[in-house]
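So the structure is just underneath, and the comments pick up after that.
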Amino acid sequence: MSATVGALTASATAPGLMLGEGVQIGADVSFGAHVIVHAGTSIGDGCTVEDHAVLGKRPRLAPRSGAQGDVGSLQLGERVTVCAGAVVFAGASIGEGTIVGDQSFVRERAQIGARSVIGRGSVVDNDVQVGARVRVQSNVYLAAFSVVEDDVFVGPGVTTTNDDTMSRHEASMPLRGAILRRGSRIGGGAVLTPGVEIGEEAFVASGAVVTRDVRARAVVMGVPARVVREVPDEDLLERWR
């Protein structure tokens, strides 16, 4: 038995499950209670969607928002887990085996690669690119247009920013997210200012405020962040895969 509420239809598959039109659900998908899946969402085989998650939500934008643009459908790859209370927007793409943590928030056109983890309460803003095997800890903010390459670690409470003017600019001015190159590590509570690039295998200490680019393998700390040494060979990613 099913009932229709607005553009959503109740499903008997799980308690309180509501499905929009054209939703595609693969084999062996598990739903928790009171999940909402909006129109056009595609859920791959073996996915787990926990209680009160919302999939395929359409963005609601302010008139001058820098997030304007086409929004397609949400795509979840195989064996993705969307944890309790998470919201994943239409137009996002989540790679196979990735975990989207409790109460996290993934915006439109964000792309997250395979086998990554987005921690509890973290925000992946619109048009962010996250690679494979990335570890984003709790309460992280990845600002719009940031790029996070493969095997990056982002510690709890890290904040990236993308607008030096804090909204006092012409609409045509592009926003500049941070760029985190392959294997870089960002310590808890660090702040990355708009457009900074963290080089491959670089290490940003906890609490640092990064105001300029960090070269590959550099270790930086402080406010503003400064180079204090190099990452040693024995601490490089290849040893710890």
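The values are calculated or read from the model by the stated rules, or taken from the named source; none is laboratory data. Just so it is clear, the model here is predicted, and its values are computed rather than measured. As a convention, Cβ positions derive from the backbone with ideal geometry for all residues, glycine included, and neighbour counts pool all protein chains shown. For the accessible areas, the whole protein counts, side chains as well, though only heavy atoms, and no ligand, DNA or RNA atoms are used. Shrake-Rupley method; radii C 1.70, N 1.55, O 1.52, S 1.80 Å.
Given the alternatives (i) 0.95; (ii) 1.02; (iii) 1.05, Rg/Rh (Cα atoms, Kirkwood Rh) as computed for this entry is given by (ii).
Distance from the Cα centre of the stretch 13-73 to that of the stretch 152-213, in angstrom? One Cα centre to the other: 29 Å.
Tell me the trypsin sites (Lys or Arg not before Pro) within the stretch 53-159 that lie in a loop according to DSSP and have at most 11 other beta-carbon atoms within 10 Å.
Values: sites: Lys57, Arg60, Arg64, Arg79, Arg107, Arg109, Arg115, Arg120, Arg133, Arg135; in loops: Arg60, Arg64, Arg79, Arg107, Arg109, Arg115, Arg120, Arg133.
Answer by residue number: Arg60, Arg64.
Let me check I've understood the local charge: for Gly32, count other residues with C-beta under 13 angstrom from its C-beta, Lys and Arg +1, Asp and Glu -1. What total comes out? Don't skip to the answer; put the middle values down first.
On the way: positive: none; negative: Glu50, Asp51, Asp102.
Net charge around Gly32: -3.
Per residue, the solvent-accessible area of the chain (1.4 Å probe, heavy atoms of protein chains only, all protein chains present) comes to 48 Å². Exposed loop sites, defined as GluC sites (Glu not before Pro) outside DSSP H, G, I, E and B with at most 12 other Cβ atoms within 10 Å, are absent from the longest region of the chain, namely 22-169.
Work out how much length Trp240 to Glu21 would gain on full extension: take 0.36 nm times their residue separation and subtract the Cα-Cα distance, in nm to one decimal. Mind showing how you got there, number by number?
Values: separation 219, 0.36 × 219 = 78.84 nm, distance 4.49 nm.
Gain on stretching Trp240 to Glu21: 74.4 nm.
Can you tell me the dipole magnitude for the chain around its Cα centre, using point charges on the Cβ only (Lys, Arg +1; Asp, Glu -1), in Debye to the nearest 20?
Numbers: 23 positive and 27 negative charges, 106 e Å.
Roughly 500 debye, rounded to the nearest 20.
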